[in-house]
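Heads up: the structure comes next, in structure tokens.
FYI, it's all coordinate maths here, none of it is from the lab. A quick note: this is a predicted structure, and the numbers were derived from the prediction, not measured. Please note: Cβ atoms are built from the backbone with ideal geometry, for glycine as well, and neighbour counts cover all protein chains shown.
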Amino acid sequence: MLSRKPLVAGNWKMNGLQGSVSVLQEIIEGFDPGLTTKVDVLICPPFTLVAQFTERAKGSSIRIGGQDCQAHVSGAHTGDISATMLEDAGATYVIVGHSERRADHHESDAIVQAKAKAAQDAGLIAILCVGETKAQREAGQTLDVVKSQLSGSVPPESDSGNLVIAYEPVWAIGTGLTPTINDIAEVHHFIRQELGLIIGEDAEKTRILYGGSVKPDNAKELLAVANVNGALVGGASLKAADFLGIVRAH
Ligand code: PGA
């Protein structure tokens, strides 16, 4: 892998039924072969579609990932899915610590760290999300919040091969709002610095994605910001044309 080869990851959240494989098919067909050396592309569908999607994506350069995993490998955890199960189903990445999980399921930094570690132990690349709420930004706490999320949730033994950070301001998710280019540059620079304190030199090579209302029409500008190495895309990843528009912004 080229160091810091950008990654565009689609997070489908709780969307997608068996028929949605047609959207994946459109993405596979629309992904220009010339782009494979420039950008990695990942789709994270709901668990129910992971095995089917990995089967369909075989032979293409599209990767499939999960949206969460349990910290344990197996056992009495009704309803949960382990990183090992995701890997077994063909996934190569998993999102951990998304703000919707931190909020809906009260996931602490310690839980997110255990999940990231479990993902890495299972051979997956963990996409670990951090980001401030609107109130925290307005109170000038953005960097403090991001710092404590990173120090509490990044497994120290991570490296650029098994960790991706996603900066997702909570107030920018699904709202159509995005931070200014300067604000994104400031936070991404800060994340790289802080990551260096946790994982060492490999922080230089670790990809830091921006997420929150990335669309085809703002992707070029957002993805050109220093230390932005790709995007985590929610809503716009559900339509092949929009998602491909973001991929092609590279
Ligand atoms: P959005 O979601 O692109 O719909 O804002 C991003 C995310 O939650 O990962």
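Give Ser20, Ser74, Ser60 a once-over and let me know the one that is touching a residue at least 12 places away in the same chain (Cβ under 8 Å) and part of a loop (DSSP other than H, G, I, E, B).
Result: Ser60 is the single residue among Ser20, Ser74, Ser60 that is touching a residue at least 12 places away in the same chain (Cβ under 8 Å) and part of a loop (DSSP other than H, G, I, E, B).
Val214 fails exactly one of the following numbered conditions: (1) of a type in the set (A, V, I, L, M); (2) outside any loop (DSSP other than H, G, I, E, B); (3) surrounded by 22 or more Cβ atoms within 10 Å (Cβ to Cβ). What is the number of that condition?
Failed condition: (2).
Does the stretch 107-122 include one or more residues that are out of contact with any Cys (no Cβ under 8 Å at 6 or more places or on another chain), within 16 Å of the ligand (Cβ to nearest atom) and either without any contact (Cβ under 8 Å) to a residue 12 or more places away in the chain or in a loop (DSSP other than H, G, I, E, B) (or both)?
yes
I'd like to know if the stretch 62-76 contains one or more residues that are surrounded by fewer than 16 Cβ atoms within 10 Å (Cβ to Cβ) and within 18 Å of Phe243 (Cβ to Cβ).
Among the residues of the stretch 62-76, not one is surrounded by fewer than 16 Cβ atoms within 10 Å (Cβ to Cβ) and within 18 Å of Phe243 (Cβ to Cβ), which makes the answer no.
Looking only at residues that are under 12 Å from Val247 (Cα atoms) and within 16 Å of the chain's Cα centre (by Cα) in the stretch 13-42, which one is surrounded by the fewest Cβ atoms within 10 Å (Cβ to Cβ)?
Ranking the candidates gives Val39 first.
Please enumerate the residues belonging to the stretch 201-250 that are in contact (Cβ under 8 Å) with a residue 60 or more places away in the chain, of a type in the set (Gly, Ala, Ser) and more than 9 Å from the ligand (Cβ to nearest atom).
Within the stretch 201-250, Gly230, Ala240, Ala241 qualify.
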